[in-house]
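Structure first, commentary second.
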Amino acid sequence: MFAGVGDTLITIDKYRNLENALGKADVFGRKTKEGRIEVRFAGMEKDGSVVLYRRDISILTNETTMSRSGLYTSTTNSTDRFNADVTTQGNVVTVKGDIKSSSNTMTSMPKEDYHVVVPEGSIPIKLSPDERVLPISGLLIIMENRSKNSIQYRIQNQQ
């Protein structure tokens, strides 16, 4: 790959398990973002050193399986009353009455989740002319060719 001055060499998104009501990992394997790492090419110094900048971004969140999926519960209380007047005339029974009913419903919605991005300052990284490899989060950025305004590089898993 190639990068010019100011270009991003790599962006690594960081995730963590989405927690369930017991604080354990979600049974469906769902994740929530925890942050990101960016490495940018800033140029080359006169001595041939490559200058890179690393910026870490953390994300604070209260997101859980309950806030993402939601739990909607409703509770209904009902009261019914029946009043009746019964009159009898011979074989005829007359019933007059009324029913009064009232109910109360309460719905509980999931708590709204939030995400707060907390950027941290950029960290300058200087690779001397004889350095070709920069390890970062389990990956290796390997410099292939360098010039004043660009670099050619490749990324591979660290082993």
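Checking every residue in the stretch 6-23 against the condition of being part of a strand (DSSP E or B), more than 30 Å from E144 (Cβ to Cβ) and open to solvent by less than 50 Å² (accessible area, probe 1.4 Å) gives zero matches. Every listed requirement among (1) open to solvent by 80 Å² or more (accessible area, probe 1.4 Å); (2) hydroxyl-bearing (S, T, Y); (3) at pLDDT below 75 is met by S69 save one, (1).
Considering I59, I12, the condition of being among the hydrophobic types (A, V, I, L, M, F, W, C), under 19 Å from the mean Cα position of the chain (by Cα), modelled with pLDDT of 90 or more and under 16 Å from E120 (Cβ atoms) is satisfied by I12 alone. Residues in the stretch 131-147 that are at negative phi and part of a loop (DSSP other than H, G, I, E, B) were compared, and the one that is least open to solvent (accessible area, probe 1.4 Å) is S147.
The values are calculated or read from the model by the stated rules, or taken from the named source; none is laboratory data. Please read these numbers as outputs of a predicted model, since none were measured by experiment. For neighbour counting, all protein chains shown are included, and Cβ atoms are generated from backbone atoms with ideal geometry for every residue, glycine included. Quick note on the areas: whole protein, heavy atoms, side chains included, nothing else; ligands and nucleic acids left out. Shrake-Rupley method; radii C 1.70, N 1.55, O 1.52, S 1.80 Å.
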